[in-house]
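**Student:** Dumping the structure here so I can ask a few things about it.
The values are calculated or read from the model by the stated rules, or taken from the named source; none is laboratory data. A quick note: this is a predicted structure, and the numbers were derived from the prediction, not measured. Please note: Cβ atoms are built from the backbone with ideal geometry, for glycine as well, and neighbour counts cover all protein chains shown.
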Amino acid sequence: MTPPVISTNKKTAPRRKQGAATGLVIFSTFLLIICIVGLFQLSMVMGGSRQVRNAVDAGVLNISKRIIEVKVPASPQYKDVADSTGNIGISNINRIWGKAYLVNANAESMKADGQAGSNTETAAEAAFGHAKNLNDMLFNKVSDENVLNMYFQQLAHQRQASMVKADKVERSQADTISIAMIDRGLESNLSYTAGQLPDRITAQGTTFGNKSYLKGYVPMQANNHQFAFTSFRQGEMPHLIDDTYFENNNAAKPVGGAYTPLPNAFKRHGEVDSVSGKLTAVACAAANPQRTYTLAIPYSFVTIQVGNTAKWHVDQKKIKETTYGFKPEEQKGIKDYPLPSGGKLYGNASLGNEYSAATTLLEVIEALPGDHNQAFKKLLQRIKEIDPDFNQERLNKLLQSAAFNKEEAPSASGEAQPRKYFIYPVYSSADNTDPTIKIGSDKQNLPSWLNPDNPPEGLDKTVIQENKQKDKPNYCWGYVVGGKSSSVKHWTEVYGDVLWQPGTGFGQHLGELRFARVTDIYFADEPDSGP
Amino acid sequence: MPIRKRRRVRAQTLIEAIAGFAVIIPLALMALDLTVLVTTSQSNEQWAELAARSAASQANAQNARLTAESCLAKAKTSNIVQSVALEGVDYDLGKGQVTIKTKMLVNMPVPFPFLSQVECHARAIQPIVATPAPL
C-alpha cells in the first residue's frame, strides 16, 4: 500500500513588502493612543477620587464645626448655665450636667450628715430630671440625620469633583452609625477645683496643664444618679479622626449611666455620580467648642445670719427670753418676780457689749472666741460652688469689707431682729462665667435673679459652739425688794452656737451660717457673796 | 535590475518608518506633556487643599493668609513646576469658611508652539475651625 503523499511544497502567498511598516506604525499609534487615553482616564478617576475624599473631609469637618449651632432653649431652672441667647448646645451641655451634679452631690452630703429636709430629695430629683430632659432633646437634634446632612451638604455642595465631571458631592445613604463618643476618660470642658465638692463626694477628674477637669464619658455617682460628661480635649479644634477610632467608640458602645451623653464625633459618607461610575468616600471628625467652663451653680447664694438672745433664769429656771441688738444696751428683764424666800426680784443686764468694738461683719462674727474656721469651711465649700477660685483669704476680706450697721431697723414687734447678709455673685459676661463675689444685707440692692426668700432645703445643725464666758462681756445685776436681803446672787454666761443649714442650690440658696449668740442671765435666791 | 528593486523596497520601508515616527513621536511627546499637566494640576489641588486646611485653623484673615503662604512655600519647585503661589484668600467669618485659590506655573517638558508654559488654578474651601463657640 502506498502511503499518502504529503505535499511539502505548498506555496504560500508572497508577503507584500510594501506597507508592512505602515501597518506596524498604525498599530503602534493606535496602541499608544489607547494607552494614553487609558492612563488619562485612570489619572482623572484617581484625581476625582481625591477630590471626592477632600470634599467629604471638608463636609464632615463642617459638621464638627457647626454642630455647636444646634441648640435647645434652656428651662428656667438652668437659665444661669445657658449661653448668652438662653440656649443650651453641645458647648455648654457639660455646664448643665455640672450644676445637676453639684445639686445632687449636695443632697447626698446632706443626707449623710443627717441634714436632709423634706425638700432635699425633691430638689435633687428635679435637678436631674430637668437636666436629662434638656440632654435628651439636644441629643435628638444633634444626632438627627437631617441636621447632619444639612451641615455636610452646606460645604460638600460647594466642592466639585471636576476631574470626574461632577459639580457637587452628595451625601450617600449608608447603614452605619454616624455619631460617636470618642476620647472616653479624657478631659471634658468643665474644670473644677479641690474643695469644690462637698465631703464624701469624689469626682472623676483628670489634669491638663495646671487645671483639673471632670473626665468625659466616665459615669460619676452622686445621690444614686450617674452623671457622664462629654469629652472635649483642651487645646484642640474640630479635626478629622481615624475611622477605626470612630468605630471603636461609636454610639452603639455604651458609656453607662441613665442617659446617653452627647456625642463628640461625627461620620458621613459622600459620593458623586461620574461618567466613570460612582465614587464614594467616608470621613470622621471630632467636634470641639474650644470653650471651657467651670463647675458651678452661677445663680446661687449663701447667707450669714447673726442674732442675739438673752435668756433670763431665776434659780436655774428660765423665765423669760428676749432679744438684743448690736449696741450695748441695758435691759430690765425681770420685774416684780416673787422669790421663794420672800421679796420681789428686779433683774437687769447689760447686753450687746460683745459688739462694742465691732465695725465689720467679720468683727461681729469673731466677737466671741471659738474655732470659726470650722464654720467657715462649710460656707467656703458652698461659695466655691459659685466661684471655684474663692478661698479663705478672700472670704475673710469679704467679711471684713462688709460694714456692720449697728443701728436697729425698726421691726413690728419692737424686738431686735437678727441680721442677715447675702453672699452672691455678680457677672459682667453674658453667659455668667466671671463671678465676682459680693456681700450685702440690703434686699433692695441684690441682683434681680436672686430670690432672697428661697430657704435652704436642709436642716440646721450646730457646727461649733463658741467658748462660754462668764460675766463678760455681758453682765447682770439685781436687787430684791421686801426680802431678807436686798442682794441676790447673779451671773451671766455668754456663748454662741454656730449652726449650718445646707441647701442644694437648686432653689438658689446654698446654705445659711447662723451665729446664735446667747447670754444666759442667772439669778439665784441667795445673798450675793461675790465681789 | 534586482538590486534597484531591493533598494526601492528598503527605501519605502524607511520612508514608512519615518512617517510613522513622525506621528508616534509627537503623540508620545504630547502624552508626556499631558501626563505632566495632569500630575501638576492634581498636585496644585492638593497644595490648595493643604493651604486651605492650615488657613482654616487660624483665627483671623491676616494669619490665615500668612499660614497659607507659608504652607505653599513648602512646595518644591523644579524645572517643570516653576512656582506655586497664593492667588487669593477669602476668609469669611460670616459664612465660617475660608476659600484659598492657588496658581501653579508649569513649564511643559516638551514645549510646543504657544504651549510652553501653563497656569494651573485650584480652589479649595474649608470650614474655619479656629473660632470658639459663641458665648
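Residues are listed down the side, and each one gets a yes or a no for (1) at pLDDT 90 or above; (2) assigned to a loop (DSSP other than H, G, I, E, B):
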| residue | (1), (2) |
| --- | --- |
| A:271 | no, no |
| A:279 | no, no |
| A:289 | yes, yes |
| A:296 | yes, yes |
| A:319 | yes, no |
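**Student:** Provide a single number: the residues in the range A:85-118 that are outside any helix (DSSP H, G or I), away from chain B (no Cβ under 14 Å) and buried (at least 24 other Cβ atoms within 10 Å of the Cβ).
**Tutor:** Number satisfying all stated conditions: 0.
**Student:** Right, here's the next one. Residue A:349 is checked against (1) in contact with a Ser or Thr (Cβ under 8 Å, 6 or more places away or on another chain); (2) at pLDDT below 90; (3) of a type in the set (Gly, Ala, Ser) and fails just one. What number does that condition carry?
**Tutor:** (2) is the only condition that residue A:349 fails.
**Student:** Go through (1) away from every other protein chain (no Cβ under 13 Å); (2) out of contact with any Asp or Glu (no Cβ under 7 Å at 6 or more places or on another chain); (3) surrounded by 17 or more Cβ atoms within 10 Å (Cβ to Cβ) for residue A:287 and report which single condition fails.
**Tutor:** (1)
**Student:** Please determine, by comparing only the residues of the range B:86-109 that are within 14 Å of chain A (Cβ to nearest Cβ) and loosely packed, with under 15 Cβ neighbours inside 10 Å, which one is nearest to the chain's Cα centre (by Cα).
**Tutor:** B:92
**Student:** Residue A:352: farther than 30 Å from residue A:131 by Cβ and surrounded by fewer than 17 Cβ atoms within 10 Å (Cβ to Cβ), yes or no?
**Tutor:** no
**Student:** Further question: Is it true that some residue in the range B:63-71 is in a helix (DSSP H, G or I), more than 11 Å from chain A (Cβ to nearest Cβ), loosely packed, with under 14 Cβ neighbours inside 10 Å and without any contact (Cβ under 8 Å) to a residue 24 or more places away in the chain?
**Tutor:** Within the range B:63-71, one or more residues are in a helix (DSSP H, G or I), more than 11 Å from chain A (Cβ to nearest Cβ), loosely packed, with under 14 Cβ neighbours inside 10 Å and without any contact (Cβ under 8 Å) to a residue 24 or more places away in the chain.
**Student:** List pairs: first in the range A:429-449 and within 14 Å of chain B (Cβ to nearest Cβ), second buried (at least 18 other Cβ atoms within 10 Å of the Cβ), Cβ under 6 Å, 6+ apart or cross-chain?
**Tutor:** Sorted first by the residue in the range A:429-449, then by its partner, the pairs are A:431/A:83; A:432/A:80; A:432/A:298.
Residues checked against (1) more than 30 Å from residue A:107 (Cα to Cα); (2) crowded, with 18+ Cβ neighbours inside 10 Å; (3) among the aliphatic types (A, V, I, L, M):
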position: A:388; (1), (2), (3): no, yes, no
position: A:393; (1), (2), (3): no, no, no
position: A:403; (1), (2), (3): yes, no, yes
position: A:417; (1), (2), (3): yes, no, no
position: A:431; (1), (2), (3): no, yes, no
position: A:460; (1), (2), (3): no, yes, no
position: A:468; (1), (2), (3): yes, no, no
position: A:486; (1), (2), (3): yes, no, no
position: A:503; (1), (2), (3): no, yes, no
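**Student:** Let me ask something else about it. When you go through B:16, B:49, B:45 one by one, which is the residue that is at the interface with another protein chain (Cβ under 9 Å from one of its Cβ atoms), modelled with pLDDT under 90 and surrounded by 16 or more Cβ atoms within 10 Å (Cβ to Cβ)?
**Tutor:** Residue meeting the stated conditions: B:16.
**Student:** At pLDDT below 90 and not aliphatic (A, V, I, L, M): is that true of residue B:102 in this structure?
**Tutor:** Spelling it out, it is not the case that residue B:102 is at pLDDT below 90 and not aliphatic (A, V, I, L, M).
**Student:** Report those strands (runs of 3 or more DSSP E) wholly inside the range A:453-531 carrying at least 1 residues which are of a type in the set (D, E, K, R) and out of contact with any Lys or Arg (no Cβ under 7 Å at 6 or more places or on another chain). Step through it out loud before you land on a result.
**Tutor:** Numbers: elements: A:461-465, A:475-481, A:489-502, A:509-524.
Qualifying strands (runs of 3 or more DSSP E): A:461-465, A:489-502, A:509-524.
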